[in-house]
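Presented below is the structure to which this report refers.
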């Protein structure tokens with residue numbers, strides 16, 4: 001049976017100017033008021049001019065329903081712990097990636113994520129990263145969670161799964177993911193970022209070290225230094241895996257982290 005081919009969609013866009021204007025209003029409303037005011041049937045949607053297959057109100061409503069449903073499973077709209085919010089990120093990312101079927105080039109535009117954050121799930125965005133100031137009756141939220149490409153609330157979760165794959169995105173810690181994906185030379189190349197993440201998990205599970213993040217940072221620094229004179233972009237996946245394995249072994253030796261003979265053989 002032929003495998004079903006998904007139709008990739010282009011999503012609406014919103015400029016920084018219009019998104020910032022909308023957030024000035026949204027910051028002064030309650031989560032319920034924001035949710036009640038969302039109308040994706042009549043929202044003004046502007047697309048990339050040459051976009052052919054466009055996500056319309058049906059796709060936008062489905063996306064909102066999916067994200068909101070998962071948020072409610074994790075306590076939305078109530079205040080929850082940061083640990084629960086991180087678990088929300090891990091759960092919603094793969095579902096978001098599957099639901100959107102967005103053209104990757106379209107996902108590279110911050111204007112797309114401005115629209116998703118501002119018009120589709122602004123209440124979830126504020127629940128995830130906002131803090132309500134009861135005296136000023138206004139939400140405080142860092143602007144990079146709204147408008148920055150690498151840290152935008154919804155976009156970063158899509159890119160996390162797209163670059164790392166659902167399994168690695170779920171198993172890696174938050175600091176580890178940030179350490180990978182906020183370095184464009186590493187995170188922007190899926191074969192490399194996936195090899196780094198997979199080797200970290202292999203090392204941690206086999207050696208049972210409590211110095212996992214220290215090792216990861218050292219290996220990442222070594223990688224960036226070597227990339228100045230050695231190109232990973234001409235390597236095969238097997239060569240990248242071997243290259244990354246050698247970095248972790250070098251880092252372990254430099255940090256005096258013991259590595260079992262079995263692990264050395266497995267990594268080498």
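Quick check on the stretch 57-64. Is at least one of its residues exposed (fewer than 13 other Cβ atoms within 10 Å of the Cβ), under 25 Å from residue 104 (Cβ atoms) and either assigned by TED's automatic domain parsing to the domain that holds residue 133 or modelled with pLDDT under 95 (or both)? Give the derivation first.
Pass one, the stretch 57-64, residues exposed (fewer than 13 other Cβ atoms within 10 Å of the Cβ): 58.
Next, only the ones that are under 25 Å from residue 104 (Cβ atoms) stay: 58.
Checking the rest, the ones that are also either assigned by TED's automatic domain parsing to the domain that holds residue 133 or modelled with pLDDT under 95 (or both) come to 58.
Yes: one or more hits.
The residue list 106, 111, 89 contains one member that is in a helix (DSSP H, G or I), modelled with pLDDT of 95 or more and closer than 23 Å to residue 18 by Cβ, which is 111.
Answer yes or no: is there a residue in the stretch 30-40 that is in the same structural domain as residue 135 (by TED's automatic domain parsing), part of a loop (DSSP other than H, G, I, E, B) and within 20 Å of the chain's Cα centre (by Cα). No - not one qualifying residue is present in the stretch 30-40.
Considered as a group, the residues in the stretch 11-29 that are in contact with a helix residue (DSSP H, G or I) (Cβ under 9 Å, 6 or more places away or on another chain) and part of a loop (DSSP other than H, G, I, E, B) include one that is nearest to residue 143 (Cα to Cα), and that residue is 27. Within the stretch 133-146, the residues that satisfy the criterion of being touching a strand residue (DSSP E or B) at 6+ places or on another chain (Cβ under 8 Å) and surrounded by 18 or more Cβ atoms within 10 Å (Cβ to Cβ) are 139, 141.
Here residue 195 meets each of (1) within 22 Å of the chain's Cα centre (by Cα); (2) surrounded by fewer than 20 Cβ atoms within 10 Å (Cβ to Cβ); (3) at pLDDT 90 or above with one exception, condition (2).
Okay, residues lined up against (1) crowded, with 20+ Cβ neighbours inside 10 Å; (2) touching a helix residue (DSSP H, G or I) at 6+ places or on another chain (Cβ under 8 Å); (3) in the same structural domain as residue 217 (by TED's automatic domain parsing):
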site	(1), (2), (3)
105	no, no, no
109	no, no, no
131	no, no, no
148	no, yes, no
152	yes, yes, no
155	yes, yes, no
187	yes, yes, yes
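Counted as qualifying within the stretch 129-229 are the helices (runs of 4 or more DSSP H) with 2 or more residues that are farther than 20 Å from residue 94 by Cα, namely 144-147, 184-187, 190-207, 212-227.
Applying the set (1) outside any loop (DSSP other than H, G, I, E, B); (2) under 26 Å from residue 254 (Cα atoms) to residue 232 leaves exactly one unmet item: (1).
The values are calculated or read from the model by the stated rules, or taken from the named source; none is laboratory data. No experiment lies behind these values; they were computed from the predicted model shown. Counting neighbours? That spans all protein chains shown, and the Cβs are built from the backbone with ideal geometry, glycine included.
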